Each structure stands twice: as structure tokens, then as C-alpha cells.
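The values are calculated or read from the model by the stated rules, or taken from the named source; none is laboratory data. Quick caveat, the model's predicted, so the values are computed rather than measured. Here the Cβ positions follow ideal geometry from the backbone for every residue, glycine too, while neighbour counts run over all protein chains shown.
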Amino acid sequence: MTNPVVLSVRSATKRFGPVLALDDVSLEARAGEVLALLGDNGAGKSTLIKCISGVHQIDSGNIAIDGVATAIRSPGDARTAGIETVYQDLALFDNLTPAQNFYAGREIAVPAWLPRGLRFLKSRQMDEETSRVLDRLKVILPKQDATVALMSGGQRQAVAVARASVFARKVVILDEPTAALGLRESRKVLDLVAQLRDEGNAVILITHNMEHVTELASRAVVLRQGRKVGEIIPTKTNQQELVAMIVGA
Amino acid sequence: MVMGQSREPAAALSIWLKVLSAGPIAILVGLIVVLSIAAPHFLTPRNISNILAQTAVIAVVAMGQHLVILTRGIDLSVGSNLALATVTGALVYQATGSEVLTILAMLVSGAGVGAINGLIYTFGRLPHPFIITLATLSIAKGTALQLADGRAIPGMPESIQFLGGGSVLGIPASFFVVAGVAGLILTMARKMVWGRWIYAVGGKPEAALRMGIPVRGVLISTYVMAGLCAGIGAVLLAGRTDAGSPLFGNLLELDTIAAVIIGGASFLGGRGHIGHALVGAVMIGVIRNALNLLNVDIFFQLIAIGVVIVLAVEADVLRTYLEGRVRTLRAARLQ
């Protein structure tokens, strides 16, 4: 009983000048599964996800969505393909409310015959949709119509993850979603990640926390110096092995 | 435990934040109350009408400036831009005698300089709009002096004179122009996708790019709008003085930036609305008018406005600091 492969990366290679950031890396992400992407700093994790989310482009190799080779040349392309990314620095707008953040760059607006920028916002619809999603994901915010500037790190992370969950139709990539959070806030975000998975998304999770890996991930891919050095099913007993792979000992 | 120390310190800080954001209006009201006692002529209909007329140009141009400041930018060229627009208008009127063409020429001249600002800023990949708008400040001023041969060109059609200096039922016509422009910009900024994008670009430019917002187009549009507002200001000023002059608009860039900041918009971008620009413009108008009524030396007016700018910027810094505190306290409470 294996879940269908949603995203597959084949022999991805990426150079920045003389630096080989990705060297022949392949991986598969399956629907309803969390794939952990592990590696030390500079191992190529961030480069890889930036290539998948359209911030960078791979020099050679290919990326396929549902088995169809797809060219991802911009963040817009990735989003159109159903890939949502929660970046480490969140990409949240401090001066906007959660609903405005949710729909930034893809506002619901009419009439359709006007150029996008000149359309009129359907604010109430976006507000309602947002509170529905936040309720579904059990995200509790002090005030939904306040800007995110006043929210705690965990609440902001929850808004970012929830935003990804609304628009992701296939793949959600999370870059160290718990990095700056305390224990209890981390817990909430991990629950959100599990929920994204249970809703049928292929989740790619970058983290340094082995506990989180064994708890959530069904598979773990380890990168080192731009190369894939291993892929294993993480369990409580092979954490040592994982760490050894990451540091190359 | 003192009673005032509430169980949730974040809530107390939130109240302070609200007080801060209401500050400019409160100060303006306080200013008006004090001045109406100190200067008996201050609150007469005639003087109020005067203040409105004197404030109109700053208010219109400040509304354009506020859009630019929302995107973390600055437009130093608005004063020269306005001067060039009045000269262009005066020359077009001399050549054609057409009222419509004269108004159109001023608006196009203003928007054109704005477009140059925006295009060179974005496509020239400049790190900050300061330099390019400083350059167009000089270029527009030079062009205006050249075209007008260094002198004022008298003569404006009656309709423009009416817009700039006429009045309806004792209310200056320029007031209606300001109100119309304010309504238009308010609608665009608050109800349309374009406005949402301006706030997003000002809030976090990198994020806006990642979310697929056409950042360059948004930036260019704000400079075009700032230029267009300078063109509208040119119509009002040329109408009031019945002339076009390369010497108009001196220090207008400072007045408009001051108006936006004094009014309570954030210099750090992403925060503020049209009301801030208007409140700030009226505040500058009121301070100038009152100091005149009280026979205070004109040099002191510059000092007073400078001091108010410092206070306003400090209020913005304080607001940012308080927000940080609220966030930390909320996070701590969740642990």
C-alpha cells in the first residue's frame, strides 16, 4: 500500500558559479506523506526547495508533478502547479491582517474583465474564507482583523502554514517551521503539519530536530555537500544513523 | 501589585498603541482649540477658508507623496515637478489659448516626470529612489527655468483661476479638488487590488515578489501618481496666482514629506492612509497660519515645523518598539 508519487525530482543539478550546490539529486514526495529533508548547513536543502518552488531553476535534471515533467521558472509557476512553500522568514506582511496575508498576490476581486490591479477587492469573502480555514486548522488568534505584526512567533508561523494549506493542491514545502518557536508553539505547528499531511498533501519538511522527523516523516532524504547521501525510513532506533549521515561521520 | 498593572501587560501596551495612532488628530484638535483662544481671528470663517486654500496645494501633493512613502520610497522631485508643470501649462496656454489643453499639459507634465522617476528607479536597479528623485528635482527645476527664461509667465485661463482661487458658497474651490482627489485615492488604495499591492510592497518587498505581486509595476505606478498629484497641485497654484513660474514649489518636497509623517504614516513603509497626509497638511497649514496671526517671525515657522517632524518620527519609532514588546509578551504568555 504505497501512496502515489506527486512530486519527483530527477538528477537535479545546480551550480552557482564554481560552486556545485546540487549534484545529481533525486527524490520523490508522496501524497499523504511527510518527507523529511535533512542535512547540515550548506548541504543544499534550501537550494533544492528553492528550485522546486521556483525561486531558482535547476541547470539539469527534471521535476515532474503527477508524472508530468513540469518547467518551474518562477514562484508563480510553482504555485500554479500546486506547490506552496512556507519560507523560514515566513514571507508574511507585518502590516496586513491574516486574511490580507492569505490572499496577497491572489486577491479575490471583480470584475474579471479589468486588469488585475484595477479590480475591486471582495474583502468580506476573503475574510470569511480565512476564518473558516483558521477554524478548521484550530488556529486561535487574538484578533483576526488585527495585523500580524502584533502576533507571537507561533501565531505568525501558524498563519503562514495555514496560508500554504489553503492554496496547496499537491505539495507543501516547510523550511524549518519550528526554528524560532518555544515548545508549546512548536507543538501546534507540528499538529498543523500533520493535518496538512492527513488532508492528502505531499509535505516536504526541512528540520534539524530528529524528534520531529521520527514523529512525522515516513521517509527521510539526507543531503551532504549538494549530494544525496541516503534515504531511510526514520524510526526511534535509527536516529544515530541519521545523524551520522548528516554530519558524514 | 499596583492596580494599574493589569494581568495582561500586553493589553495595556495595546492601549498605548491606540493612543499613539490617534495622536496626530488629537494634536490637531488641541492645536485648533489653543490657537482659537490665543488668536481671536483664527476661527473666523474667512480665516478657515484661507487655511483651506493655503493648504490645498500641500494636501494634494502630500497625497501622492504618501503613496510613495507607503512603498518605503520618497519623492524629492514633487516641488520642481510642480514648477515645471505650471510653466508647461503657461506656455501651452500662450500657444493655444485652450483651457482644456492647458490643464492636460500640466497633468501630463507632472505624471511624465513621475514616470521617469519610477522607470529609472526600477529598471535602473537603483537601491533607493532618493538619488533619482534628487536628480529629477534638479533637472525639472532647470528645465522650468530654461523654458520660462527664469521668470514667471503671467496669464491663466479663467477656469484654472477658479479652481485655484475661486470659491463656492464661501468654500474655496480648491477644497473640492482636494476632496475629489482624496476620494479617488482612498478608493483605489483601500478597495482595489492595486492598493493592497502597495501596502504589500511597502510591508515586505521580498515577500511581495515571492507572492507574485508585480512589484516593479506597483512602484512605478506610485511615482506616476505622485507626479500626477504634483500636476494637480500645479493647476491649483497656477490658478491661485494666475501664472506659471519656475520658482513655485520651493521646499514643497519637505512640506509634503513632513505632512505625511506628521500625520502619522510610517516612514518605514506599509503603514498609513490618506487621512494621515490630509491631517498632516492641515496641521502644517494651521501652524503657519497661526504663527502669522500671532505675528511670529517667519523663520520660526521653519523651526517649529522641523521640531514637529522630529516628534512625529519619534512617535513612529516608539510605536514600532511597543509592537515588539506586545509580541514578546504575548509569546511569553503562551509558553
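Can you pull out every residue in the range B:133-156 that is of a type outside the set (A, V, I, L, M), on the phi < 0 side of the Ramachandran plot and surrounded by fewer than 20 Cβ atoms within 10 Å (Cβ to Cβ)?
Answer for the range B:133-156, where residues must be of a type outside the set (A, V, I, L, M), on the phi < 0 side of the Ramachandran plot and surrounded by fewer than 20 Cβ atoms within 10 Å (Cβ to Cβ): B:Ser138, B:Gly142, B:Thr143, B:Gln146, B:Arg151, B:Pro154.
Working only within the range B:113-148, note down all residues that are of a type in the set (A, V, I, L, M) and farther than 15 Å from B:Ala83 by Cβ.
The answer is B:Ala115, B:Ile116, B:Leu119, B:Ile120, B:Leu126, B:Ile131, B:Ile132, B:Leu134, B:Ala135.
Report, by residue number, each residue of the range A:86-102 that is within 8 Å of chain B (Cβ to nearest Cβ) and hydroxyl-bearing (Ser, Thr, Tyr).
Listed by number, the list holds a single entry, A:Tyr87.
When you go through A:Gly76, A:Gly105 one by one, which is the residue that is facing chain B (nearest Cβ under 8 Å), modelled with pLDDT under 90, surrounded by 15 or more Cβ atoms within 10 Å (Cβ to Cβ) and assigned to a loop (DSSP other than H, G, I, E, B)?
A:Gly105
Assuming A:Arg187 fulfils every condition listed in (1) within 20 Å of the chain's Cα centre (by Cα); (2) outside any helix (DSSP H, G or I); (3) farther than 22 Å from A:Ser53 by Cβ apart from one, which condition is it?
All conditions are met except number (2).
Within the range B:18-48, track down each residue that is in contact (Cβ under 8 Å) with a residue 60 or more places away in the chain and touching a Ser or Thr at 6+ places or on another chain (Cβ under 7 Å).
Selection gives B:Phe42 alone.
So which residues in the range B:168-209 are within 14 Å of chain A (Cβ to nearest Cβ), surrounded by fewer than 21 Cβ atoms within 10 Å (Cβ to Cβ) and in contact with a strand residue (DSSP E or B) (Cβ under 8 Å, 6 or more places away or on another chain)?
B:Lys191, B:Met192
Does A:Ile49 qualify as being outside any loop (DSSP other than H, G, I, E, B) and closer than 22 Å to B:Arg210 by Cβ?
Taking the combined requirement at face value, the residue satisfies it.
What pairs come out if I take residues in the range A:210-221 that are on the phi < 0 side of the Ramachandran plot and pair them with residues that are in a helix (DSSP H, G or I) and surrounded by fewer than 17 Cβ atoms within 10 Å (Cβ to Cβ) whose C-beta lies under 6 Å away, six or more apart or interchain?
Here the result reads A:Met210/A:Gln239, each pair linking the range A:210-221 to a residue that is in a helix (DSSP H, G or I) and surrounded by fewer than 17 Cβ atoms within 10 Å (Cβ to Cβ).
Taking the residues in the range A:108-125 that are in a helix (DSSP H, G or I), within 16 Å of B:Trp194 (Cβ to Cβ) and of a type outside the set (Lys, Arg) as candidates, determine which candidate is farthest from the other protein chains (Cβ to nearest Cβ).
A:Ser123
Out of the residues in the range A:148-165 that are assigned to a helix (DSSP H, G or I) and either more than 13 Å from chain B (Cβ to nearest Cβ) or of a type in the set (Ser, Thr, Tyr) (or both), state the one that is nearest to A:Ala202 (Cα to Cα).
A:Ser165
Surrounded by fewer than 20 Cβ atoms within 10 Å (Cβ to Cβ), within 12 Å of chain B (Cβ to nearest Cβ) and under 23 Å from A:Ile204 (Cβ atoms): does that describe A:Arg136?
no
Rundown of residues vs (1) surrounded by 17 or more Cβ atoms within 10 Å (Cβ to Cβ); (2) touching a strand residue (DSSP E or B) at 6+ places or on another chain (Cβ under 6 Å); (3) assigned to a strand (DSSP E or B), yes/no style:
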position: A:Val6; (1), (2), (3): yes, yes, yes
position: A:Arg15; (1), (2), (3): no, no, yes
position: A:Ala21; (1), (2), (3): yes, yes, yes
position: A:Val25; (1), (2), (3): yes, yes, yes
position: A:Glu28; (1), (2), (3): yes, yes, yes
position: A:Asn41; (1), (2), (3): no, no, no
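Among the candidates A:Met126, A:Met151, single out the residue that is of a type in the set (A, V, I, L, M) and at pLDDT 90 or above.
Matching residue, one of A:Met126, A:Met151: A:Met126.
Restricting the search to the range A:79-102, which residues are farther than 18 Å from B:Arg271 by Cβ and either without any contact (Cβ under 8 Å) to a residue 60 or more places away in the chain or assigned to a loop (DSSP other than H, G, I, E, B) (or both)?
A:Thr80, A:Ala81, A:Gly82, A:Tyr87, A:Gln88, A:Asp89, A:Leu90, A:Ala91
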